[in-house]
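Accompanying notes for the structure given below.
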Amino acid sequence: DGTEPSHMHYENDENYFRGYEWWLMKEAKKRNPKIKLIGLPWAFPGWIGKGENWPYDYPDITAYYIISWILGAKQYHDLDIDYIGIWNERAFSSKYIKLLRYTLDKHGLEQVRIIASDRLWEPISFVMMIDSELHGVVDVIGAHYPGTKTVQNALLTGKKLWSSEDYSTFNNDVGAGCWARILNQNYVNGNMTSTIAWNLVASYYEELPFGRCGLMTAQQPWSGHYKVESPIWITAHTTQFTQPGWSYLQVDGHLEGGGSFVALTDGLGNLTIIIETMSHNHSKCIRPPLPNFNVIPQRATFYLRGSFYMVETLQVWHSRLDFESGNSSLFQRLNPVQVWKGRFSLNLNVDEVYTLTTLKTGQKRRCPEPPPPQPFPSNYKDDFNIRNPPFSEAPNFADQTGVFEYFVNASDPGDHVFTLRQVVIQRPITWVSDADQTISVIGNFKWVNMTVTCDIYIEKPRDGGVFIAGRVDNGGIYVRRTKGVFFWVFADGTYRVTSDLAGQEILMKGLAGVRDNAWHTLTLNIQGNSASGLLNGYLLWENVIISKPGNGWAALGTRSFEFAQFDNFHVE
């Protein structure tokens, strides 16, 4: 649901302080030093493909780019990357994977393991079976949204099998049911020993394509409001009582009345059992489709053997998702269960999760109430005048194509030393279709009437151009079809008003007298079904009829992948 800045925008460029991921990884390690860190490219900067939308023509360059990121993580943030992937949900190249392993080893990164291919089980499993060298360098087969199932070839490789991306479901109680079911059944049905949720926290505008598809919601940085959603407490049933490195016990985890259980051990005598009884309609994930099944209330008896025969009591944590009243009970500590001669029984209702464990460390802390929710400020200004910004990008702007960064304009002695600059000047090797224009959105999607003002600076002579916009209706994977009211000015002195980001649906055009390498002020005013535009405070066009969209964000951007600067942004 947006773009992230690369550590190498250009061939001769390296910067390990862009974006939020470095901060995020360090915060994660503070909370659990044992947490694993995985890198996976979605897109690559265009220079890697030398103009082709393909990262494998120059595999040595791609490997160098990836290894730079791993080394930068260590050098600048003391972060050890544990695993590295190939290309998210796109083709893999066996030649590249082998070269990546060779290059990792050459740089002393033998401990970094390789996951492939973050797509489907095939063809990677089949190719590994017939290519022994590839089999030797891939440590984990990662599949996306496997629907708790694997395939024969994947099992035959003998490799670790992971659901390396899953969930992606709206984070209400059905999302929690989805997450509870696949956390168990990915192992029970598919032998997968890791399940990774996309995404961690929904911290992006909710109206983007995958709104609230995170384990919790924190999408109001301006108010500080957040919500710990039910999938977080479902996660706790597993993650508070296991760690990376624990092993699944090879039991058949299907329950007779429907539902599943898994058992894990640290190998030091500790045992954790997680049970889920999610019903079909209350545990549908966004993908793939879920075949019908039945779950009924049942009494289940568990038998502990071997060293676990000596266990006398198990701590109990319980959640019940209530779809009738909406009064779900989440992650509550119940009385311990007494184990008698290695056996105990439990009455299981539908839509429940139990954790039974020898660990006494579980906790559900009372946290202070977050600040109340508030809409995005209806009068918002940013002059980008910040000397040592904590992040490389301005707050609240959500880049959807291109990257907009704080910039120190050393050549300008006047009012525009600190600006916001679009810095991607070549179309990336894309994951989905980025727009041909760059765009960053901001504000409240429900806005109807608005005035957007911004100082703009076109850097590209002749065919350069920039825009400001309102009522912008789309982003993420649908950014190419974005509509709104777009006010463009171009380096050739012309202007346009269009109802689309692509610039095809022209509502008005004419001469503006704007030139490149000079500052100008654009103002876009949208009221009801009419819009007008000002240049440097003077009316340039008016009475342009707007049909739809009827609401949306404010935005700014450029005509192509080109340098351009913005300053003194104001929306009201």
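Helix-only estimate, please: 222 nm mean residue ellipticity of the chain, summing -39500 (n - 2.57) across DSSP H runs of length 4 or more and dividing by its residues, to the nearest 500.
Calculated mean residue ellipticity at 222 nm is -4500 deg cm²/dmol.
Under the Cβ-under-4.7 Å rule, which cysteines of the chain stay unpaired?
Among the cysteines of the chain, those whose Cβ sits 4.7 Å or more from every other are Cys213, Cys367, Cys454.
Taking R0 as 45 Å, what FRET efficiency do you get between Ala28 and Asn517 from their Cβ-Cβ distance, rounded to the nearest 0.05?
It comes to 0.55.
Pull out a ≥ b ≥ c, the square roots of the eigenvalues of the alpha-carbon gyration tensor of the stretch 69-218, then state rounded if a/c is under 1.5, prolate if not and a/b is larger than b/c, and oblate in the remaining case.
oblate
Taking amide H atoms as placed 1.01 Å from N in the peptide plane, list the residues 5 or more away in sequence, or in a different chain, whose amide H sits under 5 Å from that of Phe331.
Amide H neighbours of Phe331: His318, Ser319, Arg320.
Kindly report, to the nearest 10 Å², the accessible surface of Tyr478 as traced by a 1.4 Å probe over protein heavy atoms only.
Accessible area, nearest 10 Å²: 80 Å².
Counting only protein chains, not ligands or nucleic acids, how are Val138, Val432 ordered by accessible area (probe 1.4 Å), most first?
Val432, Val138
Could you rank Glu562, Glu89, Glu542, Glu312 by how accessible they are, 1.4 Å probe, largest area first?
Correct descending sequence by accessible area is Glu312, Glu542, Glu89, Glu562.
Report the full-extension gain for the segment Gln363 to His107: residue separation times 0.36 nm, less the Cα-Cα distance, to one decimal in nm.
So the chain would gain 88.0 nm between Gln363 and His107.
Using a Cα distance threshold of under 20 Å, what count of lysine pairs results for the stretch 20-158 when pairs must be 8 or more residues apart or interchain?
Summing the qualifying lysine pairs gives 11.
Using a ≥ b ≥ c from the Cα gyration tensor of the stretch 20-158 (square roots of the eigenvalues), is it rounded, prolate or oblate, where a/c under 1.5 gives rounded and otherwise the larger of a/b and b/c decides, a/b for prolate?
oblate
For the stretch 20-158, what does the accessible surface come to per residue with a 1.4 Å probe? Please give it in Å².
46
Tell me the angle of helix 94-106 to the major Cα principal axis of the chain, expressed in degrees between 0 and 90 and rounded to the nearest ten.
With both axes taken from Cα atoms, the answer is about 80 degrees.
Compute the long axis of helix 173-188 from its Cα atoms, compare it with the longest principal axis of the Cα atoms of the chain, and write down the angle in degrees, 0 to 90, nearest 10.
Roughly 50 degrees, rounded to the nearest 10.
Can you send over the solvent-accessible area of Asp415, 1.4 Å probe, protein chains only, in Å² to the nearest 10?
Near enough 130 Å² of accessible area.
Probe of 1.4 angstrom, ligands and nucleic acids ignored: what's the accessible area per residue over the stretch 513-561, in square angstrom?
44
Of all GluC sites (Glu not before Pro) in the stretch 97-192, which ones are in loop regions per DSSP and have a Cβ with at most 13 other Cβ atoms within 10 Å?
Those satisfying the criteria are Glu110.
Can you give the accessible area of Lys364 in Å² (nearest 10), computed on protein heavy atoms with a 1.4 Å probe?
Here the accessible area works out near 80 Å².
Please state the shape class of the stretch 146-265: rounded when a/c is under 1.5, otherwise prolate if a/b exceeds b/c and oblate if not, all from the C-alpha gyration tensor.
Since a/c reaches 1.5 and a/b is larger than b/c, the shape of the stretch 146-265 is classed as prolate.
Using mean Cβ contacts within 10 Å as the protection proxy, how do 93-106, 281-294 order, highest first?
Peptide ranking by packing, descending: 93-106, 281-294.
Taking only C-alpha pairs under 8 Å that are 6+ residues apart, what is the relative contact order of the chain in percent?
Normalised by residue count, the contact order of the chain is 12 percent.
Place a +1 charge on the Cβ of each Lys and Arg in the stretch 20-120 and a -1 charge on the Cβ of each Asp and Glu, then give the dipole magnitude about the Cα centre in debye, rounded to the nearest 20.
Here the size comes out at about 280 debye.
Using a 1.4 Å probe over the heavy atoms of the protein chains, calculate the carbon and sulfur portion of the accessible area of the chain as a whole percent.
C and S fraction of accessible area: 51 percent.
If we count every other residue with Cβ under 12 angstrom of Arg212's Cβ, Lys/Arg +1 and Asp/Glu -1, where does the sum land?
-3
Please name which of Leu264, Asn517, Trp340 has its Cα lying farthest along the dipole of the chain towards the positive end, using unit charges on Cβ (Lys, Arg +1; Asp, Glu -1) and the Cα centre as origin.
About the Cα centre, the residue reaching furthest to the positive side is Trp340.
Counting only protein chains, not ligands or nucleic acids, how are Asp57, Asp473, Asp567 ordered by accessible area (probe 1.4 Å), most first?
Putting Asp57, Asp473, Asp567 in descending order of accessible area: Asp57, Asp473, Asp567.
With +1 on the Cβ of every Lys and Arg and -1 on the Cβ of every Asp and Glu, and nothing else charged, how large is the dipole of the chain about its Cα centre, in debye rounded to the nearest 20?
The dipole magnitude comes to about 1560 debye.
The values are calculated or read from the model by the stated rules, or taken from the named source; none is laboratory data. Worth saying up front: this structure is predicted, and the values here are computed from it rather than measured. FYI the Cβ positions are ideal-geometry reconstructions off the backbone, even for glycines, and counts take in every protein chain you see. Remember, those area values only see protein heavy atoms, side chains included, never the ligands or the DNA or RNA. Shrake-Rupley method; radii C 1.70, N 1.55, O 1.52, S 1.80 Å.
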